[in-house]
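Written out below as structure tokens is the structure these notes cover.
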Amino acid sequence: MSEERPKISIVTAVYNCRSTIEDTIRSVRSQSYDNVEHVVIDGASTDGTTEVLQAHADEIATLVSEPDRGIYDALNKGIERCSGDIVGILHADDFYANETVLADVAEAFEDAGVDAVFADVEFVDPARPSRVVRHYSSKGFSRRSLARGMMPAHPTLFVRRSVYERLGRYSLDYEIASDFDMIVRMFGSGDVPYAYLSRVLVRMRTGGISTRSWRSNLLLNREILAICRAHGIRTNVFKIYSKYVSKAFELVRPALRRGARA
């Protein structure tokens, strides 16, 4: 029965995503795992997103619509309202790869020695979500990867709520790299044991804030460098930018797979 299974809380921060938020809600709703609460924090959208959320209010455990200080402030508000044993984040442009994602995550957390779980993500064409344009694997992540600015796919990250209670919330000092700061705080010291699932859990539409333009990319890496220095991670600009070698292959691999199937 569902009450005997750990509750999974999913936090979605949304602002002006009228065209995609319904897919996100339905993705959570369609999960086979039945002990789930969906917490949605809307930053007082002005494009009709609020009306879409209201139309699906019966599918959302907690719905807040009010001005905020950005995505990380919204995520903090959501985490504070979670009552689940496990907390995951699903952005308003994203959706789960299939209906068993949360069941797979819950199974991984049956190991009492695991406090965090992450997996792979696929980036898809916003106009045609069935078309994969990039595969991001979290398989190679380790503490050493942090010096290169590498991190497991944040949308696939699930952690026990007790971890957030111990480490605190997302920092508002960073505009687009606070998720990296949280990853460093979780895994930089080795105090949060984790498990990697070798599968795709989330599909993301391309065009996120950190990859929107070269200016966003420059800001992202500047913040990553500052975060590494703040946490005593020895690195430099050249080491951080070296990660784009592997990222280039992530873009090529889906095209190679499509060519092999042709």
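The values are calculated or read from the model by the stated rules, or taken from the named source; none is laboratory data. The structure displayed is predicted, hence computed values, not measured ones. Virtual Cβ from ideal backbone geometry, glycine too; neighbours counted across all protein chains shown.
Structure above, values below:
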| read-out | value |
| --- | --- |
| Filtered residues of the stretch 109-141 (kept if under 19 Å from ALA177 (Cβ atoms) and part of a loop (DSSP other than H, G, I, E, B)) | SER138, PHE141 |
| Members of the stretch 59-106 that are closer than 17 Å to LEU197 by Cα, among the polar types (S, T, N, Q) and touching a Phe, Trp or Tyr at 6+ places or on another chain (Cβ under 9 Å) | THR100 |
| One residue from ASP47, ASP23 being more than 18 Å from the chain's Cα centre (by Cα) and either under 14 Å from LEU90 (Cα atoms) or not basic (Lys, Arg) (or both) | ASP47 |
| Scan of the stretch 166-192 for residues that are part of a helix (DSSP H, G or I) and surrounded by fewer than 15 Cβ atoms within 10 Å (Cβ to Cβ), ordered by number | ARG166, LEU167 |
| Output for the stretch 161-188, where each listed residue is in contact (Cβ under 8 Å) with a residue 40 or more places away in the chain, within 18 Å of GLY113 (Cβ to Cβ) and out of contact with any strand residue (DSSP E or B) (no Cβ under 6 Å at 6 or more places or on another chain) | SER162, VAL163, MET186, PHE187 |
| Test: THR100 is crowded, with 19+ Cβ neighbours inside 10 Å and of a type outside the set (Lys, Arg) | no |
| Only one of ASP93, ASP115 that is among the acidic types (Asp, Glu), touching a residue at least 40 places away in the same chain (Cβ under 8 Å), surrounded by 19 or more Cβ atoms within 10 Å (Cβ to Cβ) and under 28 Å from TYR15 (Cβ atoms) | ASP93 |
| Test: residue in the stretch 33-41 that is charged (D, E, K, R), on the phi < 0 side of the Ramachandran plot and in a helix (DSSP H, G or I) | no |
| Subset tally (residues that are among the acidic types (Asp, Glu), touching a residue at least 60 places away in the same chain (Cβ under 8 Å) and either buried (at least 20 other Cβ atoms within 10 Å of the Cβ) or assigned to a loop (DSSP other than H, G, I, E, B) (or both)) for the stretch 67-90 | 1 |
| Residues located in the stretch 22-62, provided they are without any contact (Cβ under 8 Å) to a residue 24 or more places away in the chain and either surrounded by 16 or more Cβ atoms within 10 Å (Cβ to Cβ) or hydroxyl-bearing (Ser, Thr, Tyr) (or both) | THR50 |
| Those residues of the stretch 223-259 which are assigned to a loop (DSSP other than H, G, I, E, B) and either modelled with pLDDT under 55 or touching a Leu at 6+ places or on another chain (Cβ under 9 Å) (or both), in sequence order | HIS231, ILE233, THR235, ASN236 |
| Qualifying residues in the stretch 147-165 (those that are more than 22 Å from PHE123 (Cα to Cα) and in a helix (DSSP H, G or I)) - the one modelled with the lowest pLDDT | ALA147 |
| Search result, residues across the stretch 6-22 that are in a helix (DSSP H, G or I) and touching a Lys or Arg at 6+ places or on another chain (Cβ under 9 Å) | none |
